[in-house]
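Student: I have a structure I would like to understand better, so I am pasting it below and will then ask my questions one at a time.
The values are calculated or read from the model by the stated rules, or taken from the named source; none is laboratory data. For clarity, every value in this text was computed on a predicted model and none was experimentally measured. Here the Cβ positions follow ideal geometry from the backbone for every residue, glycine too, while neighbour counts run over all protein chains shown.
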Amino acid sequence: MTTSIRPLHPSAGEARRRRRRFFGMTFAAAGLGAILGFTLPGATFAAEGDPFPTITIQVYNYSQASPALLTRAEREAGRILGEAGLRTVWLECLVGPSTITPKGRCQKPLEATDLRLRVLSAAIENRFQPTVFGFTIHPAFASVYYEHALRRAKSEHAESQTPTILGGVIAHELGHLLLGTNEHSRTGIMQPRWYPDQILQLMKGILLFTSEQSKLMREQARTRTRLQSENLDPGLIQASFRRMTDRSQGGR
């Protein structure tokens with residue numbers, strides 16, 4: 001299998017000037033207090049003092065989203081995370097049956113700097129309302145619903161904006177993982193519901209993480225890098241993530 005890798009680097013960029021009106025969007029999150037299958041080979045990642053630490057996102061597309069659309073969504077999510085001071089590397093991982101023996105990074109156990117993203121068609125068994133666009137399982141798993149983002153775009157005759165919406169949703173869910181909490185904020189991309197004003201900000205490229213959230217995410221990304229480079233026991237990694245979660249929630 002050939003794994004596609006697309007690194008994205010932080011860049012302020014020029015805010016896009018697109019204006020669309022959308023209804024509210026809701027996010028849900030689910031927590032799981034265990035790390036599944038982490039191993040820590042001595043790979044070389046960003047130094048702890050690197051102002052732009054790197055995270056790797058393994059992407060599993062179970063939806064009808066085309067590779068081109070998903071690439072655009074990943075680019076938008078990478079831009080938003082880049083504004084927070086994070087570099088992103090996107091790995092396109094094989095899904096479904098195949099006669100090819102899969103190889104590469106996607107088939108190895110998750111490392112400390114890895115996050116796993118599933119792009120699903122829609123919620124299963126109506127667990128979430130159609131207005132819910134994604135959820136997370138800490139510390140490394142995020143899921144987003146492609147059809148929910150597509151439906152919102154179509155409802156406003158703006159299907160071409162689907163990658164931007166999906167990219168914002170991806171950044172929101174990855175933000176939960178990097179912030180170590182399921183909580184939302186009153187401002188920025190981590191708001192629990194996106195109304196027309198928030199969607200307008202997203203289209204203009206200014207619906208972003210707050211400065212405090214950006215600082216916390218960079219801190220956790222550096223911690224993940226350090227844990228990976230130190231070859232620590234997975235149990236110690238889990239304890240470290242719990243401490244970071246406590247800190248992000250104010251329990252210093």
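Student: Collect the residues in region 137-148 that are modelled with pLDDT of 90 or more and in a helix (DSSP H, G or I), keeping them in residue-number order.
Tutor: Across region 137-148, the qualifying residues are Tyr146, Glu147.
Student: Checking the structure you have, find out if any residue of region 114-121 is in contact with a His (Cβ under 7 Å, 6 or more places away or on another chain) and either buried (at least 24 other Cβ atoms within 10 Å of the Cβ) or of a type in the set (D, E, K, R) (or both).
Tutor: no
Student: Name the pairs whose Cβ atoms lie under 8 Å apart, with the first residue in region 134-153 and of a type in the set (D, E, K, R), the second surrounded by fewer than 24 Cβ atoms within 10 Å (Cβ to Cβ), and 6 or more positions between them or separate chains?
Tutor: Pairs found: Glu147/Ser63; Glu147/Gln64; Glu147/Ser121; Glu147/Ala122; Arg151/Pro130; Arg152/Phe22; Arg152/Phe23.
Student: Considering only residues that are surrounded by fewer than 21 Cβ atoms within 10 Å (Cβ to Cβ), of a type in the set (D, E, K, R) and either closer than 19 Å to Tyr145 by Cβ or free of Cβ contacts under 8 Å to residues at least 40 places away in the same chain (or both), which ones fall in region 160-209?
Tutor: Arg186, Arg193, Asp197
Student: If a residue has to be surrounded by fewer than 24 Cβ atoms within 10 Å (Cβ to Cβ) and either closer than 20 Å to Leu115 by Cβ or not acidic (Asp, Glu) (or both) to count, how many in region 147-159 make the cut?
Tutor: Residues in region 147-159 being surrounded by fewer than 24 Cβ atoms within 10 Å (Cβ to Cβ) and either closer than 20 Å to Leu115 by Cβ or not acidic (Asp, Glu) (or both): 7 in total.
Student: Search region 154-188 for residues being acidic (Asp, Glu) and in a loop (DSSP other than H, G, I, E, B), and hand back the single one that is nearest to Thr225 (Cα to Cα).
Tutor: Glu183
Student: Quick check on my filter: what residues within region 189-211 are part of a loop (DSSP other than H, G, I, E, B) and aliphatic (A, V, I, L, M)?
Tutor: Of everything in region 189-211, those that are part of a loop (DSSP other than H, G, I, E, B) and aliphatic (A, V, I, L, M) turn out to be Ile189, Met190, Ile206, Leu207, Leu208.
Student: Further question: Tell me, which residue of region 82-136 that is of a type in the set (Asp, Glu) and either over 30 Å from Leu227 (Cα atoms) or part of a loop (DSSP other than H, G, I, E, B) (or both) is modelled with the highest pLDDT?
Tutor: Applying the filter and picking the extreme gives Glu111.
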